[in-house]
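Everything below concerns the one structure shown next.
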Amino acid sequence: MADENVQQNVNNAPQEDVGQLLKVRRQKLADLQAAGKDPFVITKFDQNYHTVDAVKAYEEQEREILKDYVEPVIDKPADDADNDTVAAYRAAVKEAYNTRRALLDAHPIEVKIAGRMLFKRVMGKASFANIQDLKGRIQIYVSKDGIGEESYADFKKSDIGDIFGVEGYVFRTMTGEVSVHATAMTLLSKSLQILPEKFHGLTDTDTRYRQRYTDLIVNPEVRDTFVKRSKIIKEIRNFLDGRGFMEVETPMLVSNAGGAAARPFETHYNALDEDVKLRISLELYLKRLIVGGLERVYEIGRVFRNEGVDTRHNPEFTLMELYQAYTDYYGMMELTESMFKYLAEKVCGTSIIKYGDIEIDFGKPFERLTMNEAIKKYAGIDFDTVDGDDAAKALAKEHHIEFEDRHKKGDIINLFFEEYCEKNLIQPTFIMDHPIEISPLTKKKPTDPTKVERFELFINTWEMCNAYSELNDPIDQRERFAAQDAAFAAGDEEANHTDEDFLNALEIGMPPTGGIGYGIDRLVMLLTDSPSIRDVLLFPTMRPLD
């Protein structure tokens, strides 16, 4: 009896042995091609079930057919029972199984499934295999009588990793496993490489990220994460569609990369002989659409920031920004709180989720604190009573907070918040009313022009989104841009630059508007309990091997 499980136990084999096994696989392909059985000429296979759907259909039919069936009472023999008693027990169990089987086989569920073979056990004239598709795995019973002598001989020569189309009917084995009794096996693709074995072969995270295709095959939980990611984005669209938002697309290559504090990537547009940048946000084009009368717009797209890489940052990532005319940042808070609760319930099945050892409750009202209130709560300093830049810098020195000469009071407030507050914000918390110095595109608070109508949502110490009552005063906006140009000249490489076309749009007139940006990757991390952003990116940025 041959036993193969996930791969052919080559993880500890010498390199020359692995090379020989690869040659054997290529020779098997050559033999198939010479016999007119080239799998690569096959163009399609008509599936009618995925694995888990076949199991579900069988179990539903089984319940219906057996609802009036009375199971015979078969007493299990004692451990010290004699051989005749044990044999009689086994015969009775088999007879009961065959009775149930006959009832079910009279109404067979014919299936055509396709997937990758990850297990094979050959036992003479009959074999078992496991086939994995998008939704899961199912056991296949393959026999010479079932598929024919020639096909069975070919099947015995197959390798772990080969992709098959399987035709047959569903049944339950005596051990209770729902399986497919194969009546035809079609090799759809020959695997010429050896898959790593789950528990020993593909545990190095660097290799997993570089060879995500292999990671998805051997680690079902990874595949589940990306299926859930897709569902999260789908449900975001459903939620916004229900609120009348319109999805749009805006340019990725821009002459002026604004809307965020970040260094852009630069490239060259050959046709125009023009240097351009990859966008760092979606904001300025979406606001132009608000000016144009599209009152509720959003975009989900890739943005690019020429920054470092860590567990929460990747140079290219997925951002969603939305803008809604005739509302403010309080309207954005309501939308955000409602959407996060909706996503948790739709994707995770509950408004209370677990991230590591932490329980996060989206069902309760989110806490709201101004940035100065948060600093007062966690650092004991009331910046509302601190007068001017010099006093703020003196406090920073006293508390060993590093700053630059160009920093103003608002920058110092932000540094204190990052040092003392972020680490304490576990449950969903809106941090509001940021200093104007760090918010160049935001409306001033009418009651305090040193602050702006802005909030960030923090969960599990992470910033999850950033929202404003958008600045729609073109004169004020020009002054803010000028301050950003000055900051860039003073050495701030992440400062924005004046955007004349955007100012022209504001001069035409933009209504009062609420806007918000969400980091989709970080949201997926939270809802899938993933420790690193690379775990939720199919192909994260990696340092070249050479």
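The values are calculated or read from the model by the stated rules, or taken from the named source; none is laboratory data. Note that the structure is a prediction, hence the values are computed from the model and not measured. Here the Cβ is made from the backbone with ideal geometry for all residues, glycine too, and neighbour counts use every protein chain on show.
Structural remarks
- Filter pass, residue 259 being in the same structural domain as residue 530 (by TED's automatic domain parsing), modelled with pLDDT under 95, surrounded by 16 or more Cβ atoms within 10 Å (Cβ to Cβ) and not hydrophobic (A, V, I, L, M, F, W, C): yes
- When region 379-438 is filtered for residues that are among the basic types (Lys, Arg) and at positive phi, nothing remains.
- The lone criterion from (1) within 25 Å of residue 420 (Cα to Cα); (2) buried (at least 17 other Cβ atoms within 10 Å of the Cβ); (3) touching a strand residue (DSSP E or B) at 6+ places or on another chain (Cβ under 8 Å); (4) among the charged types (D, E, K, R) left unmet by residue 377 is number (2).
- Selected residue [under 21 Å from residue 242 (Cβ atoms) and either within 18 Å of the chain's Cα centre (by Cα) or buried (at least 18 other Cβ atoms within 10 Å of the Cβ) (or both)] from 311, 336: 336
Conditions (1) out of contact with any Gly (no Cβ under 8 Å at 6 or more places or on another chain); (2) of a type in the set (Phe, Trp, Tyr); (3) outside any strand (DSSP E or B), marked per residue:
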site: 374; (1), (2), (3): yes, no, yes
site: 377; (1), (2), (3): yes, no, yes
site: 403; (1), (2), (3): yes, yes, yes
site: 416; (1), (2), (3): yes, yes, yes
site: 437; (1), (2), (3): no, no, yes
site: 455; (1), (2), (3): yes, yes, no
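- Every residue from region 323-352 that is over 19 Å from residue 229 (Cβ atoms) and not in a helix (DSSP H, G or I): 323, 324, 325, 326, 327, 328, 351, 352
- Candidates 467, 489 - the one that is small (Gly, Ala, Ser), in the same structural domain as residue 523 (by TED's automatic domain parsing) and modelled with pLDDT of 95 or more: 467
- Region 72-113, residues that are over 20 Å from residue 179 (Cα atoms) and touching a residue at least 12 places away in the same chain (Cβ under 8 Å): 72, 74, 75, 76, 77, 89, 92
- Residue in region 222-242 that is assigned to a helix (DSSP H, G or I), of a type in the set (Gly, Ala, Ser) and farther than 24 Å from residue 536 by Cβ present: yes
- For the condition assigned to a loop (DSSP other than H, G, I, E, B) and exposed (fewer than 13 other Cβ atoms within 10 Å of the Cβ), residue 542 qualifies.
- Restricted to helices (runs of 4 or more DSSP H) entirely inside region 471-536, those with at least 2 residues that are in contact with a strand residue (DSSP E or B) (Cβ under 8 Å, 6 or more places away or on another chain) are 520-528.
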